[in-house]
1. Restricting attention to segment 368-397, report how many residues are touching a helix residue (DSSP H, G or I) at 6+ places or on another chain (Cβ under 8 Å) and touching a residue at least 40 places away in the same chain (Cβ under 8 Å).
2. So which pairs qualify, if the first residue must be in segment 168-180 and touching a residue at least 60 places away in the same chain (Cβ under 8 Å) and of a type in the set (Ser, Thr, Tyr), the second must be open to solvent by less than 10 Å² (accessible area, probe 1.4 Å) and not in a loop (DSSP other than H, G, I, E, B), the Cβ gap must be under 7 Å, and the two must be at least 6 apart or on different chains?
3. Just give me the residues in segment 115-131 being in a helix (DSSP H, G or I), more than 21 Å from Cys525 (Cα to Cα) and touching a helix residue (DSSP H, G or I) at 6+ places or on another chain (Cβ under 8 Å), in sequence order.
4. Identify all residues within segment 495-529 that are open to solvent by 60 Å² or more (accessible area, probe 1.4 Å), of a type in the set (S, T, N, Q) and more than 13 Å from Ile481 (Cβ to Cβ); write none if there are none.
5. Is there a residue being out of contact with any helix residue (DSSP H, G or I) (no Cβ under 9 Å at 6 or more places or on another chain) and among the hydroxyl-bearing types (Ser, Thr, Tyr) anywhere in segment 338-361?
6. Given the options Leu36, Leu19, name the one that is surrounded by fewer than 20 Cβ atoms within 10 Å (Cβ to Cβ) and touching a Lys or Arg at 6+ places or on another chain (Cβ under 9 Å).
7. Considering only segment 28-44, state which residues are within 33 Å of the chain's Cα centre (by Cα), modelled with pLDDT of 90 or more and not in a loop (DSSP other than H, G, I, E, B).
8. Can you tell me which residue within segment 134-154, out of those that are without any contact (Cβ under 8 Å) to a residue 24 or more places away in the chain and assigned to a loop (DSSP other than H, G, I, E, B), is farthest from Ile57 (Cα to Cα)?
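The values are calculated or read from the model by the stated rules, or taken from the named source; none is laboratory data. These numbers were taken from a predicted model, which means no experiment stands behind them. Methodologically, a virtual Cβ is constructed for each residue, glycine included, from the backbone with ideal geometry; neighbour enumeration extends over all protein chains shown. Ligands, DNA and RNA are stripped out before the accessible areas are found, and what is left, the full protein with its side chains, is counted by its heavy atoms. Shrake-Rupley method; radii C 1.70, N 1.55, O 1.52, S 1.80 Å.
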Amino acid sequence: MSFSELGICPEILEAIEVLGFDTPSPIQQQAIPPALEGHDIVGLSHTGSGKTLAFSIPALENIDPALRTVQVLCLAPTRELAVQICREVDKLALFLDGVSAVPIYGGASFAPQLAALHRGVQFVVGTPGRVIDLMEQGELPTENITTLILDEADEMLDMGFQEDIDRVVAQLPTERQTLFFSATMSPAIRALINRLSENPQEITIERPVLTVPTCEQSVYEVVFSSRIEVLSRLIEMGRMKRGLVFANTKRVVDDVVDGLLARGYSVDRLHGDMPQTLRERVMDSFRRGNLNVLVATDIAARGLDIDDVDIVVNFELPRDPEDYVHRIGRTARAGRRGKAVTFIGRRDFSLLARLERFIGTRMQREKVMTAGQVEEARVEALVDDILEAASKAPELPEELKDIEMPAEQLMAAMFNLLVAKGSCELQAIPEDRPSRYSKHDNAESAAAQSAEKGNDWSSLRESTTLFMNGGKLIGIRPKDIAGLLYNEGGAPKGSVGDIRIFLKHSLIEVTPEIAPQLCEKLSTCSICGYEVNVREDKGKPEGDSRPAVHVRDRRSNAGDSYPGRDNFRRDKGNRFERGERFGNNRKGDFSDRRSGKSDRYDRRDRKERDEERTPFFSRFSKKPRR
């Protein structure tokens with residue numbers, strides 16, 4: 001079947017031909033015809049199956065080019081996906097005069113997005129939070145929207161956008177076409193479909209097997225400057241008898257090859273700047289076994305036909321998931337076993353999560369092998385080689401027959417010489433240092449530290465607590481914080497645990513490996529219109545012997561209980577001292593730490609109590625001049 005058989009208009013068909021698409025994918029074949037007829041669609045298909053064209057083509061067909069206002073609204077979970085969808089829509093609308101699209105997402109300036117809306121854009125692709133902001137400001141008109149698209153609906157619900165989706169839909173016309181696309185069908189997705197659509201046509205595409213089960217896939221978290229050293233350790237441990245290393249650019253390929261050659265390894269390169277004759281010569285050397293490692297780019301590696309590669313290393317994570325599948329397809333061929341190793345940095349977690357969803361497999365996380373482990377593996381390999389050679393019963397060389405020395409002493413000396421000759425100097429890398437996020441051997445110490453930093457409420461098995469200097473006073477909600485971490489911080493799905501919001505600050509539980517990335521990206525950010533910063537929670541100051549407490553907001557948690565609740569009522573809500581627990585004895589000693597005074601009703605304390613009772617925003621209002 002061809003695209004022309006699906007009933008698509010000539011302008012879009014011409015753009016599809018320019019893009020180089022020959023035949024529609026299964027999801028496109030089944031979704032486009034009913035969508036063109038105006039039916040609501042529920043498409044269940046994996047990432048990378050061609051869903052973008054499946055919903056973009058019918059949506060573009062329904063647009064009136066003469067009407068310069070928003071007619072199609074597409075909601076996406078992340079800004080990266082929103083930008084990607086918008087690019088594909090622009091390509092499909094290449095020959096549709098007057099039709100344009102714009103991505104709308106948080107973390108970016110309002111100015112260019114507002115300019116596009118004022119200019120009269122018809123196709124809007126955005127994240128729920130920014131779409132709501134523009135709708136409430138009256139900048140995003142909704143009265144002419146005829147098509148609503150929800151892409152990756154399951155991921156949006158996982159990220160806590162349920163309420164935001166409902167708020168967006170509440171402002172849309174009831175007479176519209178709704179297109180759902182999701183990788184899974186959960187009860188929450190089913191309930192959402194029932195609320196927002198009428199008699200939709202369901203289309204389910206089975207996920208193909210993208211990777212073979214005989215290929216073991218693992219991930220190492222390594223900073224970029226350490227990757228050549230980690231690659232060398234893989235070679236030293238005997239894990240790369242014949243390996244392919246992939247990098248994203250020619251420059252990185254050259255750097256990797258130069259670094260490995262300087263360490264004495266048999267390695268060569270393969271990239272697009274090399275002449276064809278030289279490329280063929282390098283491939284011939286690799287096939288004959290003269291090279292242990294071949295470093296290449298994706299373009300140069302297209303069409304490689306090498307069956308006995310035992311390991312593939314992704315020196316950099318590819319941006320396109322299909323490139324990853326193509327790379328690791330060089331190993332584990334013809335029923336053989338193989339291994340795929342991927343190096344990632346702190347900024348690659350969201351990309352890794354998207355890749356794992358694409359291939360339908362979770363990669364095994366491994367720790368970088370230490371210098372001691374490398375040396376131990378090297379010695380074990382040497383012993384195996386000696387035993388294999390000894391099994392062939394070799395004769396004693398003539399040069400050693402006249403030596404009068406115990407055989408054990410002679411063998412020990414020869415073994416030490418072989419170890420020294422085969423050893424390679426290993427460089428120290430940051431991954432060799434003990435991680436500050438590692439588990440404590442002492443369970444009591446770990447529990448004490450958890451309580452010290454407020455992690456006793458943790459829902460993740462291993463977690464780090466982040467501190468944000470914003471709380472209930474500025475109207476922060478858990479979904480606001482979750483959206484900030486996922487959209488602007490790039491946190492992978494499932495890496496955020498419990499969120500506790502207090503009066504003036506918030507505590508967020510995240511997995512240890514994502515905490516540094518979030519602290520770096522969100523060191524200064526905006527939420528609910530206020531500038532805040534996110535850092536690792538350090539707990540109580542050193543030398544403070546008081547127990548760590550969490551003051552509850554009496555107004556929003558009136559039904560909660562806390563120490564001294566009864567005395568709090570008898571004292572008519574007067575706080576004794578900022579930061580202290582409410583005492584069980586009214587006549588206890590509430591001395592002022594700053595001045596040493598014992599009178600808890602002195603002027604300074606009264607002023608502090610009055611400030612706490614003063615509404616937050618009224619402190620910034622200007623007093624009228626007299």
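1. 9
2. Thr178/Leu148
3. Leu117
4. Answer for segment 495-529, where residues must be open to solvent by 60 Å² or more (accessible area, probe 1.4 Å), of a type in the set (S, T, N, Q) and more than 13 Å from Ile481 (Cβ to Cβ): just Thr524.
5. Among the residues of segment 338-361, at least one is out of contact with any helix residue (DSSP H, G or I) (no Cβ under 9 Å at 6 or more places or on another chain) and among the hydroxyl-bearing types (Ser, Thr, Tyr), which makes the answer yes.
6. That would be Leu19, the only listed residue that is surrounded by fewer than 20 Cβ atoms within 10 Å (Cβ to Cβ) and touching a Lys or Arg at 6+ places or on another chain (Cβ under 9 Å).
7. Listed by number, the residues that qualify are Gln28, Gln29, Gln30, Ala31, Ile32, Ala35, Ile41, Val42, Gly43.
8. Filtering first and then ranking leaves Gln137.
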